[in-house]
Amino acid sequence: MLRVGFLTSGGDCQALNATMRGIAKGLYELFDEVEIYGLLEGYKGLMRGNYIKMKPEDFSGIINKGGTILGSSRQPFKLMGEPTEDGLDKVKSMKETYKKLKLDCLCVLGGNGSQKTANMLSEEGLNVIGLPKTIDNDLWGTDMTFGFQSAVDIATQTIDCIHTTAASHNRIFIVEIMGHKVGWITLHAGIAGGADVILLPEIPYDIEKVYKAIDKRTKDNKGFTIVAVAEGALPKEVAELPKKKRKEVIANNPYPSVAYELADKLKAYTTQDIRIAIPGHTQRGGSPDAYDRVISSRFGAKAAELIKAKDFGKLVVFLDNKVTAIPLSESAGKLKYVSPDDDIVSEARTLGISFGDK
């Protein structure tokens, strides 16, 4: 009897259920006898021993269902060495639950922080397989994460909807898109939605250069401008500060979010009407798109194959248009940033898109 645990950790996304379905269907095909245990609310369930024994029918009809049927929670990796409020040793309790359930493998569906914990558990002797979940597409070692394309689609739809009202009233519209540390969603949605200015955390902006791009459109008789800005975008004067001082400035920022700060600064340069649109958590919600359903199914199948081969301590990844796997240790603790030198950035510049830096 093969016993496998599933947990979904960190922020939710549209394709978590589709990925679990992929793993389960693969396991049921490759093994004669399988028991799957769903750990509830991510690592919290593994710590507390909260789980359900899942049946094949639990995975039926969920490929198009967003969120996670197991629930999730955020358990920061940097706090894993500290006890819970009631004194529970987190790592010890997770290992005890794993042994209590007599698991042969634990499948962790999560992003950067979740996979760091997965790698730690692997180093503690547990058999672990990681699957790359994050709408931010910032997990190092994989070209694509599940959840990303669905989030891009929603952000793009928001920009699409803004186009008509922006054009009707000749307004500057600032659309704030998710991405605290990396700008992949903003970059892709900005290009797909036809944004005129794209501001990313990796490319600090100069407010004068942002206005220059807007003014050029005005002089070209284009009455409106759409600015797609990642929530972690920074003005160059803040980005150039020492790390400690930069964190202090960001923490004490008086604006509700970057879109409001940008709008306020632009008012010093133009009398044109400025509006803000923030799709927020809608980017995490709804059903996974077709791309995510396919990639999640492929990730799940690969995870099942790794379990069959007893090839543990791996992260399933998508590299060079192939689903494969790399050691968890290679990815843990690393983020995949947008580089100002990436082809997609230079190609966007060729299209006339401003990144607020030139």
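Can you find a residue that is touching a residue at least 60 places away in the same chain (Cβ under 8 Å), open to solvent by less than 40 Å² (accessible area, probe 1.4 Å) and among the small types (Gly, Ala, Ser) anywhere in the stretch 89-98? No, the stretch 89-98 contains no residue that is touching a residue at least 60 places away in the same chain (Cβ under 8 Å), open to solvent by less than 40 Å² (accessible area, probe 1.4 Å) and among the small types (Gly, Ala, Ser).
Within the stretch 264-323, being touching a residue at least 24 places away in the same chain (Cβ under 8 Å), within 30 Å of ALA213 (Cα to Cα) and acidic (Asp, Glu) holds for one residue alone: ASP273.
Being β-branched (Val, Ile, Thr), within 14 Å of the chain's Cα centre (by Cα) and over 19 Å from GLY333 (Cα atoms) is the requirement here; does THR165 meet it? No, not satisfied.
Cβ-Cβ distances below 6 Å connect the following pairs, each with a first residue in the stretch 155-170 that is closer than 16 Å to ASN221 by Cβ, a second residue that is at pLDDT below 95, and a separation of six or more residues or different chains: ASN170/GLY223. Comparison of GLY45, GLY26, GLY38 shows that the only residue that is part of a helix (DSSP H, G or I), closer than 29 Å to GLN283 by Cβ and open to solvent by less than 10 Å² (accessible area, probe 1.4 Å) is GLY45. Which of the residues spanning the stretch 124-140 are assigned to a loop (DSSP other than H, G, I, E, B) and surrounded by 22 or more Cβ atoms within 10 Å (Cβ to Cβ)? Correct list: THR134, ILE135, ASP136, ASN137, ASP138.
Does the stretch 307-324 contain at least one residue that is closer than 19 Å to GLU29 by Cβ and either assigned to a helix (DSSP H, G or I) or polar (S, T, N, Q) (or both)? Taking every residue of the stretch 307-324 in turn, at least one turns out to be closer than 19 Å to GLU29 by Cβ and either assigned to a helix (DSSP H, G or I) or polar (S, T, N, Q) (or both). If only residues of the stretch 89-111 that are part of a helix (DSSP H, G or I) and out of contact with any helix residue (DSSP H, G or I) (no Cβ under 8 Å at 6 or more places or on another chain) are counted, the one that is farthest from GLU123 (Cα to Cα) is LYS100. Counting only residues that are surrounded by 15 or more Cβ atoms within 10 Å (Cβ to Cβ) and either free of Cβ contacts under 8 Å to residues at least 60 places away in the same chain or of a type in the set (Gly, Ala, Ser) (or both), the stretch 53-64 holds 4 of them.
Applying the criterion of being buried (at least 21 other Cβ atoms within 10 Å of the Cβ) and in a helix (DSSP H, G or I) to the residues of the stretch 159-184, the residue that is modelled with the lowest pLDDT is ALA166. Taking the criterion of being in contact with a Phe, Trp or Tyr (Cβ under 6 Å, 6 or more places away or on another chain) and among the hydroxyl-bearing types (Ser, Thr, Tyr), the only residue of the stretch 200-235 that qualifies is TYR211.
Note on the stretch 324-358: residues that are hydroxyl-bearing (Ser, Thr, Tyr), loosely packed, with under 13 Cβ neighbours inside 10 Å and touching a residue at least 24 places away in the same chain (Cβ under 8 Å) amount to 1.
Scanning the stretch 65-88 for residues being open to solvent by 70 Å² or more (accessible area, probe 1.4 Å) and either more than 24 Å from the chain's Cα centre (by Cα) or within 23 Å of GLY300 (Cβ to Cβ) (or both) gives a total of 6.
Which of the residues that make up the stretch 65-78 are in contact (Cβ under 8 Å) with a residue 40 or more places away in the chain and outside any loop (DSSP other than H, G, I, E, B)? Passing the criteria: only PHE77. Against the conditions (1) assigned to a helix (DSSP H, G or I); (2) within 20 Å of MET47 (Cβ to Cβ); (3) open to solvent by 20 Å² or more (accessible area, probe 1.4 Å), ASP153 satisfies every one except (2).
When every residue of the stretch 271-292 is checked against the conditions, none turns out to be of a type in the set (Phe, Trp, Tyr), more than 22 Å from THR186 (Cβ to Cβ), modelled with pLDDT of 95 or more and in contact with a helix residue (DSSP H, G or I) (Cβ under 9 Å, 6 or more places away or on another chain).
The values are calculated or read from the model by the stated rules, or taken from the named source; none is laboratory data. Computed from a predicted model, the values in this text were never measured in an experiment. Because the Cβ atoms are built from the backbone with ideal geometry, glycine has one as well, and the counts that use them run over all protein chains shown. All accessible areas refer to the heavy atoms of the entire protein, side chains included, with ligands and DNA or RNA removed. Shrake-Rupley method; radii C 1.70, N 1.55, O 1.52, S 1.80 Å.
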